[in-house]
Each structure stands twice: as structure tokens, then as C-alpha cells.
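Accompanying notes for the structure given below.
Since every read-out is calculated from the coordinates, none of them should be taken as a lab result. Every value quoted in this text rests on a predicted model; they were computed, and no experiment measured them. Reconstructed Cβ throughout: ideal geometry from the backbone, glycine too, with neighbour counts over all protein chains shown.
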Amino acid sequence: MTASILFVCLGNICRSPLAEAALQREVQAAGLDVAIESAGTGDWHIGHAPDKRAQAVAGKHGVEIGAFRARQVVREDFSRFTHIVALDAQNLADLQVLCPADATAALSLLLDYVPGRMGQSVTDPYYGDARDFDLAWSEVMAGAKGLLETLTTR
Ligand code: 4NP
């Protein structure tokens, strides 16, 4: 398998780092080698570590993400990754606008990989509390498992 995955949300400090962490954990557990990164469509948090609440929920599930640093999506991402996976419908729409004509990456929505949740968005926990981060973790983990299954059964 030669997949490489870029997860994209708005700020790259909550949902997409959690998706990166979740897929990293699953890929490691399966003994696979998949390049995984995350980025934001927005530029407000470039260079910042993930939100403390995101760090806490990932840590609770065994993944340390304190060293992650937010970055913005760049044009090269569309040819560097095999899959660019948006965390919500608005970010998918923004990626479709940014997508250059010579892009090779397949664009998709994370919850499309979860049976019964096609077209749905991972709820943004940024303005919420720890419970919202728990919910975001369970959603990104379900998405990561479904995505990995798709990658390994193709
Ligand atoms: P994320 O969450 O897109 O999941 O990283 C957000 C982070 C920051 C903001 C919004 C959402 N913000 O408005 O700064």
C-alpha cells in the first residue's frame, strides 16, 4: 500500500490533528506504513500546537500530539498526497475550490468512510468542552478505521 493521507479542517488545531492521531494509531497497530499529515484551510493558527483539549483527548487514547504544529494547505499538497480527507463539508468545498487542475489526490469527507454517515461532518469542538472533544475523538476514530479498511481492501 502506498497511500499518503492529508486530513484537513479549518484551524488544524482540533479535528484534523485528532484524525491524524487516530489514523496513526490504527496504522501502527496494523503494522502498516502510511504517510499521514494534517493541515488547515485557515491561517490563524499556523505554527501553533494543537488545542490543549485535543492534546488531552488524544493522550487519553494513547497518542501524544503536543509536538504537532499547525500548517495551512498548500498547492503542492494536491499532488503530494494520494488522499486529502476533509473533516467537514465546508472544508471539502473550500478544498474543491483550491484544487489545481493537475491535482492527483482524491478528495473526500472523513465520515464518508463510516457506514450510515455519508456526507456528514465531524462536529467542531472548538467552542465546546471536553465532552465535545470526546465526541470528536470517537468520530475521527470511526472515520480512521473506515478509511484504513478502504485503503487495505482495494
Ligand atoms: P479545527 O477547529 O478546525 O478543528 O482546528 C477550529 C480551530 C480554530 C478556529 C475554528 C475551528 N478558529 O476560529 O480559530
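Residues whose amide H falls under 5 Å from that of residue 7, counting only those 5 or more places apart or on a different chain, are 37, 38, 39, 85, with hydrogens built in the peptide plane. Put simply, the convex hull of the Cα atoms in the stretch 34-154 casts, on average, a shadow of 7.9 nm². Checking every one of the chymotrypsin sites (Phe, Trp or Tyr not before Pro) in the stretch 59-154 against DSSP loop status and a limit of 12 other Cβ atoms within 10 Å picks out 127. Summing +1 for each Lys or Arg and -1 for each Asp or Glu among the other residues whose beta-carbon sits under 12 angstrom from that of residue 23 gives -2. Simple spin-label estimate for residue 61 and residue 99 gives 2.6 nm between the two label positions (7 Å along the Cα-to-Cβ direction from each Cα).
Between residue 46 and residue 74, the modelled labels are 1.0 nm apart [label points 7 Å from Cα along Cα→Cβ].
Separation of the stretch 1-25 and the stretch 84-146, taken as the distance between their Cα centroids, equals 9 angstrom. Listed values for the stretch 23-35 are Karplus-derived 3J(HN,Hα) couplings in whole Hz (6.51 cos²θ - 1.76 cosθ + 1.60, θ = phi - 60°), namely 5, 4, 4, 5, 5, 5, 4, 8, x, 9, 10, 10, 6, and x replaces Gly and Pro.
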